[in-house]
């Protein structure tokens, strides 16, 4: 049977009657005895996503050097270890995946030629790979190269992919073009994992020569290939003549220029110094939309922005969790009180002009896995939160240090959050940190509380397991709960819709009780571009796609 997935659904649509295997999962948010409010999704459902600036009938101007302004510096360009959305932007042009998602969020083949085939017992997965592709160094793409990439994701000590791939017992090349993966128990989210960094296939020649330094000069299959990186300044790629569909790549080079201030990105775009810019500020979008020389793409997100509390990440990711001291780290009731002190609706309206959406779970209302329950939020009740702190014997105001990315929009949100939670008995100290440094901080566990986001995945496993399962690659809170571990594993191993829904509902109930992550809001990806280019897309995974974009003649 083929393993497939579903696209995001409109927020107003409710649970489907049947789902294919890779998409099996409806997340239920249970909140125990807490009162709940339901996030207002009317605005979300009425918004129109603009995901692509199509080339259409425009005349393509071959060649030229495109400049894209990136809002933050990517981390290391290594698919096995990377955790940054901005790395995915760069990798999109030079490190293709086995699968991808389309504008509707459906999973489609890329370097694989068909969706995976799964044995009746769910324990053996096979898929074919392209036979007409070579890596940028000339090494042929074959099944053995795919096996090497997947094995590296399992074996590398600092891999962020291991927990995304599930309980694999073996990976082998059946022949030059067929890969077989065996499991100890069925793993429904595999296809979705291979549609992201776990499925970016790396040159075995480059891996053998570079080892851990692969990310300094990555070699993959893609329309463009790596040229150079100037730290904190830019990353440049150039067209790869060896690419199997070379005619679809139109620029000579693409330079990703790091410009962290949204207003400066907007100014550079309007002046023509850059042609594409990601993550535009909600404060600038109105002006940019009024500019006839520009187009603004606006797409809802499968991900979330959240406040991660350090509970047991004392020695960094990959080490055993160690319970930390202090009322916030050691007392779930204190973290619940903090969540109850946050009026998410008011924050997104005042700080982001209502362009973003409140979030209280890792499941987006636009996901095919969403239900009415997954839209529910803990009731905003600062008086009850203050009483909870008093009942727990916590002296108020409780001081908390919160590290945030140093971009202006995030700092504005942090300041509004700081003012809000004061009514619930909390005193936030805001520490702005450069984005790439903040990634290191969360990995090393050098924080009390930290506000960062996740761009989101089509399968709920991709938004939950890696962050909430003991020892998983993105479990920055150091959260560990045997019940949650078992539920997440059980949910990934079943293909029954109702059973998976019930299991994820139990997970969310427990996580909302423990609050290792306090979910806050969902962005809408706001990408601006000059009308001199076309073919740029941004999908629900948050990645800006430039692989088939081109300069075009003016009308």
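Report the far tail of the P(r) of region 122-252, meaning the percent of Cα-Cα pairs longer than 27 Å.
On the way: 1937 of 8515 pairs.
So the pairs more than 27 Å apart make up 23 percent of the total in region 122-252.
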So if each residue of separation counts as 0.36 nm, and I subtract the Cα-Cα distance between residue 395 and residue 287, what length gain in nm does that give?
34.2 nm
Checked region 257-398 with the C-alpha gyration tensor, a ≥ b ≥ c its square-rooted eigenvalues, rounded below a/c of 1.5, otherwise prolate if a/b is larger than b/c and oblate if not; verdict prolate
Using alpha-carbon positions, what is the distance between the centroids of region 115-186 and region 226-257, in Å?
27
Which Rg and Dmax, in Å, describe the Cα atoms of region 263-321?
18.5, 55
How long is the gain from residue 253 to residue 429 if the chain were fully straight, where each residue apart is worth 0.36 nm and the alpha carbon distance is subtracted?
59.1 nm
Rounded to a whole number, the Stokes-Einstein D of the chain in µm²/s (Kirkwood radius over Cα pairs; 10 °C; 1.306 mPa s) is 67
Pair-distance profile P(r), taking every C-alpha pair of region 467-532, with 5 angstrom steps and integer %
3, 15, 20, 19, 14, 10, 6, 4, 4, 4, 1
Short to long, in 5 Å steps from zero, the percent of alpha-carbon pairs of region 334-423 per bin is 3, 13, 20, 21, 20, 14, 8, 2, 0
Estimated 222 nm signal from helices in the chain, with DSSP H stretches of n ≥ 4 weighted -39500 (n - 2.57), rounded to 500
-7500 deg cm²/dmol
For q values of 0.14, 0.22 Å⁻¹, compute log₁₀ I(q)/I(0) with the Debye formula on a Cα-only model of region 72-177, without solvent.
-0.64, -1.53
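Here, each number is a calculation from the coordinates, and none is a lab measurement. Since we're looking at a predicted model, the values are computed, not measured.
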